[in-house]
Every structure is written in structure tokens, then in C-alpha cells.
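The values are calculated or read from the model by the stated rules, or taken from the named source; none is laboratory data. Note that the structure is a prediction, hence the values are computed from the model and not measured. Don't worry about glycine lacking a Cβ; one is built from the backbone with ideal geometry, like all the others, and counts go over all protein chains shown.
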Amino acid sequence: MSPSQPTPRAGRPRAAWLIPAVGLVWSALVFAYLARPLPLPTPFPGSERQGERFRPLYNAELAAGVDDDLRDFWQKPQRLLEQLKPFEGLVVADIGAGEGYFTKRLADRVGESGRVIATDISQAALDTLAANLDPDLADRVSLVLADADRLGFEQQVDQIWVVQVFGEIDDKGPFLQRLKAVMHDQSRLVIIDSKHITDPTNGFTRPINLNAIKQQFTAAGFELDPLYPITRFHFLPKQYCFVLRRASASGRDPGDSGPLKAP
Ligand SMILES: C[S@@+](CC[C@H](N)C(=O)[O-])C[C@H]1O[C@@H](n2cnc3c(N)ncnc32)[C@H](O)[C@@H]1O
């Protein structure tokens, strides 16, 4: 070896410390990537906002093929109506009555001295309802054309049924206020709708947030009637059922399961 050549140094090479340092930085980057906050998945636009409409508007053409017998199987209308009886002599509103699935059953139960106010925003639905109504019941039913901002009547009622409609309402707060305005202290509001929502883009189903719905009722000045806990309606396989009263109502004696007649 000539005297001008550098002598190789013994021990670790000079850049050996770089290897663990790079490893450390790399691990930190991987950890930061994995721990980053992820956006919550939204199944389809708007469905995450429980306060707003979570179902497309009802389509009469699609509904036309739905067989009452098939619906009876999951809707269990007689068992539902049994929970809210007696009806004799009551004034009952069927909001969003559609083709009258509940209207005709309510009209039968309120008897000759009672009345059913059947409303809908669709004149076509009301026409079909009128055509389907048994002539014996027709005298007990008033058909009312509503619109998205108007109930269509001002008369006080003893019960209000809102079946398979709530999910179609865009602005639920004002809608509930309009219902409250036609209720007296003994009136009850029955809201029934699907427990699940199906994403039309992929067919996946997820549960409705019932707590968010309850909060809307509270915010609008309603409370659940303790006589009708939602567990009482667990016989419904596909739907929830809330029975509400005005929060300001004195309420009935909890032991009183008598009729909800107007005072
Ligand atoms: C799915 S259908 C249910 C019909 C009926 N309640 C039943 O259980 O067969 C919903 C109905 O609500 C009506 N609707 C939607 N928004 C409404 C509103 N703001 N006031 C009254 N009816 C409404 C629709 O036109 C439609 O006929």
C-alpha cells in the first residue's frame, strides 16, 4: 500500500446511524397515516340527516300492486288498532291517508257517531280512496287535500294517525307543530313508520336512528305517552310506533285506559 492511500477505519461505517433513524421516521409516517381521522360513511346523500326526509316520496303507481293481504301480514292493523281502542265516537285524523288502508279501518271503528278526516297531498290518492270506500263508511269520512305546508283542516281531533308518512316529510318540526295545533290535552298522535331505511343505490339496509326521531318529538313539544311504551309495539316486525301527547297536556291518570274522547 502506498503512503498516499487512506487507511480504512475499523468499527461501524460512518452512516450506520441513518438506518434506525430512517426506520423510525418511516414507522411514524405509517402510524400517522393509519391513525388519521376518516370521514364517516354516508350511505347516500341526505340520508345521514335524520331531521329531513329519509325516504323518496310515495309513488302511487308502484304502490298499486301492493296487496292488502300481504300488507296485513307485517302491518298488523287490527292488533295496532286494538292498542288504541276504544274508538267509538272519536274524531280521528288520518294524515297522508294514501289509498285509505287505515282510513277504512278507522271509519269502521269510530262508528256512526265518529268521524275520520283523511288528508293527502295527492288528489289522485284521495280519488282512489273515495272510490275504494265502502258506501256505509263514506258518510263518516271527510277527504281533505293538504299540501306540504298546510294540514288542510283546523278542527280539534281526538287521535291522529300518521302511518308510513313521517319519513316522507321534509320539514318535520313545522309538520309536528301543525299536528299539535289540532290536538287537545287528551288527544294522541300515533306515528308509525319503517324501522329501517334501504339505500336505493345498493339495496343495503340500515336502522333508523330512533333517538334522533324522539329528539324531534321533544323539540316540537311532544312526549311519549307512558301508557304506550314503544316495547308495546314490538309485535310489528318492520315498523316502530310512537304514541305521543302534547307535553303541556295534563295527561290521563296512568291507570285510566278509557277512551280518548274530546272533553
Ligand atoms: C307511503 S303512503 C302511506 C299511505 C297511508 N298512510 C298508508 O299507510 O297506506 C304516504 C302518503 O303520504 C302522503 N303525504 C306525503 N306528505 C304529506 C303531507 N305533508 N301531508 C299529507 N300527506 C302527505 C303521500 O301523498 C302518500 O299518499
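A few comments on the model shown:
- In region 88-122, of all residues being within 10 Å of the ligand (Cβ to nearest atom) and hydroxyl-bearing (Ser, Thr, Tyr), the one that is nearest to Val182 (Cα to Cα) corresponds to Thr119.
- The set of residues in region 100-127 that are surrounded by fewer than 18 Cβ atoms within 10 Å (Cβ to Cβ), in a helix (DSSP H, G or I) and not acidic (Asp, Glu) comprises Gln123, Ala124.
- Scanning region 67-81 for residues that are farther than 17 Å from Asn132 by Cβ, within 13 Å of the ligand (Cβ to nearest atom) and among the basic types (Lys, Arg) yields a single hit, Lys76.
- Take the conditions (1) within 16 Å of the ligand (Cβ to nearest atom); (2) out of contact with any strand residue (DSSP E or B) (no Cβ under 9 Å at 6 or more places or on another chain); Lys85 misses just one of them, which is (1).
- Lone qualifier among Val162, Val190, Val141 - being among the β-branched types (Val, Ile, Thr) and near the ligand (Cβ under 9 Å from one of its atoms): Val162
- Here Asp127 fulfils each of the conditions (1) within 17 Å of Val165 (Cα to Cα); (2) of a type outside the set (S, T, N, Q); (3) out of contact with any Phe, Trp or Tyr (no Cβ under 9 Å at 6 or more places or on another chain) apart from (1).
- Count of region 178-209 residues which are over 29 Å from Glu154 (Cα atoms), among the hydrophobic types (A, V, I, L, M, F, W, C) and outside any strand (DSSP E or B): 2
- Output for region 131-147, where each listed residue is surrounded by 15 or more Cβ atoms within 10 Å (Cβ to Cβ) and not basic (Lys, Arg): Leu133, Leu137, Val141, Ser142, Leu143, Val144, Ala146
- Test: residue in region 147-158 that is in contact with a Lys or Arg (Cβ under 6 Å, 6 or more places away or on another chain) and in a helix (DSSP H, G or I): no
- Candidate set from region 213-238 (those that are among the basic types (Lys, Arg) and not in a loop (DSSP other than H, G, I, E, B)); member that is nearest to the chain's Cα centre (by Cα): Lys214
- Any chance Ala125 is within 11 Å of the ligand (Cβ to nearest atom), touching a residue at least 60 places away in the same chain (Cβ under 8 Å) and aliphatic (A, V, I, L, M): yes
- The single condition among (1) under 17 Å from Leu84 (Cβ atoms); (2) aliphatic (A, V, I, L, M); (3) more than 15 Å from the chain's Cα centre (by Cα) that Ile192 does not satisfy is (3).
- Scanning region 159-174 for residues that are surrounded by fewer than 22 Cβ atoms within 10 Å (Cβ to Cβ) and in a helix (DSSP H, G or I) yields a total of 5.
- Complete set of residues in region 128-170 that are free of Cβ contacts under 8 Å to residues at least 40 places away in the same chain and among the charged types (D, E, K, R): Asp134, Asp136, Asp139, Arg140, Asp147, Asp149, Arg150, Glu154
- Residue tally, condition at pLDDT 95 or above, within 17 Å of Phe242 (Cβ to Cβ) and small (Gly, Ala, Ser), over region 178-229: 4
- Flag: Asp225 matches the condition of being under 19 Å from Val92 (Cβ atoms) and away from the ligand (no atom under 13 Å from the Cβ).
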